[in-house]
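Trainee: Mind having a look at this structure? Questions to follow.
The values are calculated or read from the model by the stated rules, or taken from the named source; none is laboratory data. Just so we're clear, the structure is a prediction, and the values are computed from it rather than from any experiment. For neighbour counting, all protein chains shown are included, and Cβ atoms are generated from backbone atoms with ideal geometry for every residue, glycine included.
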Amino acid sequence: MSIPFATPVPYFALLETVNQSLAGVRNFNFYPGMLFGSRDKWWPDTGLRPTAHEGIDICYYTDGAGRDQRFSPRIAVPVMASGRTFAVCRDFLGHSVCIDHGVDNFHRFLSVYAHIVLHRQVSIGQTVQAGDVVGTVADTTGRKNRMPAHVHISLMRIPPTVPPDRLDWKYICSSDQVDLIDPLSMLDCDQVAIHSGNPWKNQEEAAS
């Protein structure tokens, strides 16, 4: 497999840089169901996901004072590396934007930022640099499944012949042309903490 990035991408540091409220974060916390390949749901809901998780969900963190927090809809979403905007599609919580990082002539390497409200200036073919903000986390307050606001990140390789208007979540989840990659395998994870239980879900289930 070709390596899209020469060194681990400091995506969690980029999140801090573009969001004043995240300055000094100790850890970005991941609970069962939030990681790549999981079939569990991490939000207060029952049952399993219909398909294995296509990426990671970023939502919970421990601030500089040691307090557990979670994202608000005001959180800005940066891209992780330079590239160009390849596609935009709707998802069930907002929009997804796909950035083409162009690794080689045989595969198109994409990073995808989902469940966001796009900035109006985002356009197909637009050149972006690491840290450029493409939108903010979508407000999911009041949704029936009570899913907290979060950004979903996917990394994938697809054939260079796939047109932008073909790329939606139905295609990503079902096509054998899509080679999904665990985002944490490509990111700088110094600030990542992986937990075996989810206290947020337990609290919300008890309150319902």
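Trainee: Look at ARG39 and say whether it is within 27 Å of ARG157 (Cβ to Cβ), surrounded by fewer than 20 Cβ atoms within 10 Å (Cβ to Cβ) and either touching a His at 6+ places or on another chain (Cβ under 9 Å) or not β-branched (Val, Ile, Thr) (or both).
Mentor: yes
Trainee: Here is a list of conditions, (1) in contact with a helix residue (DSSP H, G or I) (Cβ under 9 Å, 6 or more places away or on another chain); (2) modelled with pLDDT of 95 or more, and GLY135 meets all of them except one; can you say which number that is?
Mentor: (1)
Trainee: Give the number of residues within segment 157-185 that are closer than 11 Å to GLU54 by Cα, part of a loop (DSSP other than H, G, I, E, B) and at pLDDT below 95.
Mentor: Residues that pass the stated criteria total 0.
Trainee: Next question. Quick test for you: out of VAL77, VAL117, VAL103, VAL122, pick the one residue that is of a type in the set (Val, Ile, Thr), modelled with pLDDT of 95 or more and either closer than 22 Å to LEU187 by Cβ or more than 14 Å from the chain's Cα centre (by Cα) (or both).
Mentor: VAL77
Trainee: Do you know which residues across segment 1-52 are more than 15 Å from ASN198 (Cβ to Cβ) and charged (D, E, K, R)?
Mentor: Residues satisfying the conditions are GLU16, ARG26.
Trainee: Do you know which residues across segment 24-49 are closer than 22 Å to ASP63 by Cα, among the hydrophobic types (A, V, I, L, M, F, W, C) and at pLDDT 95 or above?
Mentor: Hits for segment 24-49 are VAL25, PHE28, PHE30, MET34, LEU35.
Trainee: Could you check how many residues of segment 162-174 are in contact with a strand residue (DSSP E or B) (Cβ under 9 Å, 6 or more places away or on another chain) and exposed (fewer than 14 other Cβ atoms within 10 Å of the Cβ)?
Mentor: Counting residues in segment 162-174 that are in contact with a strand residue (DSSP E or B) (Cβ under 9 Å, 6 or more places away or on another chain) and exposed (fewer than 14 other Cβ atoms within 10 Å of the Cβ) gives 2.
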